[in-house]
Amino acid sequence: MFYGIAGWGLTCLHFFAETENQLYLDKAIMAGKHLLETCHHSQGLCHWGGQDRTAIGFAHGASGIATFLLYLYLATGQEKFLVTGQHGLEFDLSHAVDTKDGGLSWRESVQVKSPYYPYWQYGSAGIGMSVLRYWRLLAIQSTGQFWKEFSWIRTANTLFFQGSLWASPVWRFPAGHV
């Protein structure tokens, strides 16, 4: 999201929402298709990154890409973007670590033993922004197993009510984060 194709795609979606110029939506779809083609699948989850470093979090990891794919799904109705985004978000969530205060936190990447972060770039705040957006959409749609297979309510509850989540409105493009 921070400096990759998902951030560029989200910017295109923002311009499409502002101008209704089809060119911007076409470019966002192109970005989304590229992300679908380049994701790495593992145990029903997906992520983006190499063998040397697989980032976790909103700015550099799968949850930021998942947020872009969610918005792309909302703009196009193409379910493949929603499903891949869910699998990407689940990847980041699968690397959660319980904290001493009963919350959840994440490291900077899968391979690096960094501290646990509460921030939007690498930690619980950014992943929580993505979780809340998916929770809002999928709770409305009631789309089955996605919510039953992971303790999503606990995750959203922990991130939000523990005070570690700064979230912009759910349905706005987070242009301030692009």
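A few remarks follow.
- Among the residues of region 96-105, those identified as in contact with a strand residue (DSSP E or B) (Cβ under 6 Å, 6 or more places away or on another chain) and buried (at least 16 other Cβ atoms within 10 Å of the Cβ) are Ala96, Ser105.
- So Thr76, is it open to solvent by 10 Å² or more (accessible area, probe 1.4 Å) and free of Cβ contacts under 8 Å to residues at least 24 places away in the same chain: no
- Pairs, first over 20 Å from Cys46 (Cα atoms) in region 104-123, second open to solvent by 60 Å² or more (accessible area, probe 1.4 Å), C-beta under 7 Å, six or more apart: Leu104/Asp98; Trp120/Trp166
- Residue among Gln111, Gln162, Gln141, Gln145 that alone is open to solvent by 50 Å² or more (accessible area, probe 1.4 Å) and modelled with pLDDT of 80 or more: Gln111
- Hey, Arg133 touching a residue at least 24 places away in the same chain (Cβ under 8 Å), buried (at least 21 other Cβ atoms within 10 Å of the Cβ) and basic (Lys, Arg) or not: yes
- When Ile5 is tested against (1) over 16 Å from the mean Cα position of the chain (by Cα); (2) open to solvent by 40 Å² or more (accessible area, probe 1.4 Å), only condition (1) is not met.
- Of all residues making up region 120-138, the number that are assigned to a helix (DSSP H, G or I), among the aromatic types (Phe, Trp, Tyr) and more than 11 Å from the chain's Cα centre (by Cα): 1
- Taking the criterion of being over 13 Å from Cys46 (Cβ atoms) and without any contact (Cβ under 8 Å) to a residue 60 or more places away in the chain, the residues of region 88-103 that qualify are His95, Ala96, Val97, Asp98, Thr99, Lys100.
The values are calculated or read from the model by the stated rules, or taken from the named source; none is laboratory data. All of these numbers come straight from a predicted model, not from anything done at the bench. Positions of Cβ are backbone-derived with ideal geometry, glycine not excepted, and every protein chain shown enters the neighbour counts. Side chains included, ligands, DNA and RNA excluded: accessible areas come from the protein's heavy atoms. Shrake-Rupley method; radii C 1.70, N 1.55, O 1.52, S 1.80 Å.
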